[in-house]
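Each reported figure results from applying straightforward, stated rules to the coordinates on display, with no laboratory input. Predicted model, so just to flag it, every value in this text is computed and none were measured. Every residue, glycine as well, gets a Cβ built from its backbone with ideal geometry; the counts of neighbours run over all protein chains shown.
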Amino acid sequence: MRVIFALWMREVRKYFRSPAQMIGTLGSPVMYLGVLGFGLGPIFQRAGEGSYLQFMAPGIMSMTILFTSTFSGMALLWDRQFGFLKETLVAPVPRLTIMVGRTVGGATVALFQGLLVFGISLLAGFRPAHALVVPTAILVMALIALVFSAMGTIIGSSLKEMQGFPIIMNFLVMPIFFLSGALFPLANLPKALSFLTSLDPLSYGVDGLRSALISTSHFGSALDITVLCVVGIVFLAIGTHLFSRIEI
C-alpha cells in the first residue's frame, strides 16, 4: 500500500506542479461548451429536446476525463524511455503494485480535470437536478477515469516508442468519444450506429453521468455502473498482464 500511495502521489504532484497544463487541457471543453452548447442550443430546443447545454455538459465532462486518463499512458512511455520506469521496476515490489499505483494516479488526475469542467459548466449555466446527486456523479466520473486510465496503461505497456502513441490514441480516442453519445441522443439511431454505441464503454459513462445529474438515461443507471465496473476490471487485468511483461 505504501508503494501504491507513493506512485499515486507522484502522479498527482506532477499534475498540480504544472498549472499551465491544467489550464491548457481545459481549452477544448470550454470551446465545446461555449460554441456547441450555445450555438446549437436553439436548434436543440426547436427539436423539443430542451436545453442543449444541460444535455451536453455531462458528455463534455466525460470527454475531458477520457482524454486526460488515456494520455496517462504517454507518461508511462516517457518514464520508460528516460529511465524512471527502470528504477521502479527493479524495486523489490510486485509489478501489480506499480501498475495499480500509476493507474490510480492517472485516474485521480483525470477526475480532477472532470471536476474542473463540472465547475466551468455550472458557471456556463448547467444545473444538476439536485445537489444530492453530485456524489453519485463523482462516483461515475471516477469509474470512467479508472477504465480509461487502465486503457492508457494497456497501450503504454504495449508500445516501445513514444511516436506510436499519438497515432493509436487518435485512432481509438476520437471514435470512442464520438460514438459515446456525448454530443447527440442515443435514442432512434440507425441500427448499425446503435450497435456501435452499445459497444463503447464511454457511452455508459456519459449515460451514467446524465442519469445522475439530469435524471435522463438511455441504458439505465444500474447497467451503466455495472458495465463500467466490469470493463474496468477487464482492462486492469489486461494492463497488469502487459505491464508484467515489460522488459527492463
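Results, tabulated for the structure shown:
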read-out: Two-site FRET efficiency, Ile167 against Thr226, from Cβ-Cβ distance with R₀ of 41 Å, rounded to 0.05; value: 0.80
read-out: Gain upon complete extension [Leu196, Leu132; 0.36 nm per residue less C-alpha separation]; value: 19.8 nm
read-out: Theoretical FRET efficiency, 1/(1+(r/R0)^6), r = Cβ-Cβ of Ile238 and Phe38, R0 35 Å, to 0.05; value: 0.30
read-out: The range 94-207, relative contact order in percent, only Cα pairs under 8 angstrom and at least six apart counted; value: 27
